[in-house]
Amino acid sequence: MKVEAGTLSPKSRLWFFPASRRCFSVRSLVFASTLLIVSYLVIVPLLMLLYASVRSTEDKLPFESTATTLANYALVFSSPATLSILINTALFTVGSLLVGLPLAIIFAWLLERTAVPARGWWASLILVPMTIPSLLSAMAWIQLLDARNGLVNVALRGLLGLKADTGPFDVYSLYGMCFVQGLRLVPSAYLMIAASFRAMDPSLEEQSAMAGRGVAQTTLRVTLPIMRPALLAALIYFIIVVIESFDIPGLLGFTARVRVLSTAIYWAAHSEVGLPDYGLASALGAIILAMALVLMWIYHRLTAHQERFATITGKGYRPRQIDLGAWRLPAAVLCMLYVVVAVLLPFLMLVWTSVQPFYSTPSLESLQRVSFEGYRDIWHEGSVVRAVLNTALLASVTAGATVLLAILVSWFVVRRERQPSALTKYLGTLSFLPQGVPSIVIGLALIFVYIRFPIPIYGTLWIIALAMTTRYLAFSSRATTSALMQLHGELEEASLMAGAPWSRTLLKITVPLLAPSIINVSLWVAVHAMQELSMALMLYNPDTVVVSTVIWSMWQNGKTADAAVLGVMLIILSALLLLGAQAASYFRRSSYQ
């Protein structure tokens, strides 16, 4: 009997071939294992966090007391500091969004809908800040906007003839935090918004122009209203991003004495006086978790109904770029200004700091002290060598584990979409849940899990790897799911017909075809694992230091030049990895054409 691939019903495909019967038990076992692992990674820490928030911690660590109490929540809501923390968090979130989202929308419109000069170059350069960790961005802007000796302030005082010794800007303030965080949002928000601008049918704008509307009126009355779902989804998503951010509030807010929710959780769990207050930390963690999950639910609802605003409906669709006329040059200058401010100035400031024995404002005198000995001497410190080795191991393990889980989750979600079960839907939803869980909350939750459970990984590098695998599973599974949906199942069916078991089909057919996406996701996870600070700070000890925690410690201890040296090397390595991912993905795709 001869059967061609793609001619059987989904149910027949599963049972018709003997090979399918042989691999059914293996596939079921793998599905059950994947479900259990993802549930353990996501659900157990969150339940333990909620459980810890209602346990009495008076003179004891969580779970050493059998008393259940709401005293932790009472302490949070009755403390005068809580209102200040919530207000600061709200102001920090709103201020950052007011800086970042308008810029991202402007750049997305300019680069996708208009004929701005050198648009391809600007589209690439706007993404470069993603290679600079938030911690290093904050360090660079401290050197640029410090009220006393920041380069920008010193230059402005000399240019304007100001006699004051400080200002006019001060990065150690809520405004400074919003400015730095807002710049950090632009590349990611641009990526999220640009696709929607690219896909919009230009005939709607043409009709507006024929009615006598100018470019500004057309954009405000036609383009932006059509983009409302994408813009609202981006707004909700980046509210979560700002609320969970720790690096910039931790570095700038600590000196400015501006505490937000993420830094309040960290300092409660790392008290400098007495024992850590895990009760307060768990209650704050539960509050920020509830806020994030509600926002993620709203985000999911918005992204699930964007088809109501679809504008591409026929084969006649063809994008058209708007001619800016006299505004072409100002638009290009705006793009260049952002690249200079967000990329060039911070990176050059870090490089300058790294070649100085101690920080000083750039001048002819300090130019004579330039030395690259710091890049050699940094390796004489044992903690740096240990941190580099730990970081390399952590990035490799996290990338491997996350991508493996993402591939399995994607396969079971996509290949069973014609006959979805409750467990399959549960797996898909669960794998996306960490997207709404702040990194610092994951770190705190894992502390509670492995204080309570007799699994000897607390204080080791593996607990940090678990935290990062949990955090990056959502992005990785979504990326591999999108790639797998573009592959027809006929090739896998043909492999099963040839007698190959399911596991061999997955390894020899599916994974090679997904190689470009797998390479991109692996290196994306590795780069973010190298840069991650909040989870590493919550979980590390002197034996499990990583590069990000060493940079943090050096900066806190006044070793500015050493911190800048490590930071520059980390940025260069991150950029090389991301460029390598793009090159490898390109050549891999070319090999299939």
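The values are calculated or read from the model by the stated rules, or taken from the named source; none is laboratory data. If you're wondering where the values come from, they're calculated on a predicted model, not measured in any experiment. Here Cβ is always computed from backbone atoms with ideal geometry, including for glycine, and neighbour counts include all displayed protein chains. These area figures cover heavy atoms from the full protein model, side chains too; ligands, DNA and RNA do not enter into them. Shrake-Rupley method; radii C 1.70, N 1.55, O 1.52, S 1.80 Å.
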Original post:
Round to a whole number: what % of the accessible area of the stretch 448-538 belongs to carbon and sulfur, probe 1.4 Å?
Top reply: 65
Subject >> Bins of 10 Å, starting at 0 and running to the largest distance - Cα pair percent for the stretch 372-414 >> reply: 24, 28, 21, 15, 10, 2
**OP:** Could you give me the radius of gyration and the Dmax of the stretch 437-484, taking only the C-alpha atoms into account and expressing both in angstrom?
**Re:** 13.0, 39
**OP:** Please list, in chain and number order, the residues 5+ apart from Met227 or on another chain whose amide H is under 5 Å from its amide H, with Hs placed from the backbone.
**Re:** none
Subject >> Built amide H within the under 5 Å cut-off of Ile322, gap 5+ >> reply: Thr114, Ala115
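Which value, in Å to one decimal place, does the Kirkwood hydrodynamic radius take for the stretch 111-153 when every pair of different Cα atoms is included?
12.6
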**OP:** For the stretch 468-538, report the translational diffusion coefficient in µm²/s to the nearest whole number, using Stokes-Einstein at 37 °C, 0.692 mPa s, and a Kirkwood Rh over Cα pairs.
**Re:** 237
Subject >> Amide H contacts of Arg55 (H built 1.01 Å from N, under 5 Å, at least 5 apart or other chain) >> reply: Thr69
Original post:
So what J values fall out for the stretch 98-115 if you push phi through Karplus, 6.51 cos²θ - 1.76 cosθ + 1.60 with θ = phi - 60°, rounded to Hz, Gly and Pro as x?
Top reply: 5, 7, x, 5, x, 5, 5, 5, 4, 5, 5, 5, 4, 7, 10, 10, 10, 9
Original post:
Rounded to whole Å and sorted largest first, what semi-axes of the equivalent ellipsoid does the C-alpha gyration tensor of the stretch 399-526 yield via the square root of 5 times each eigenvalue?
Top reply: 31, 15, 14
Subject >> Most to least packed among 394-402, 337-345 [average Cβ atoms within 10 Å] >> reply: 394-402, 337-345
**OP:** Can you tell me the order of 241-254, 289-302 when each peptide is scored by its average per-residue count of other Cβ atoms within 10 angstrom, highest first?
**Re:** 241-254, 289-302
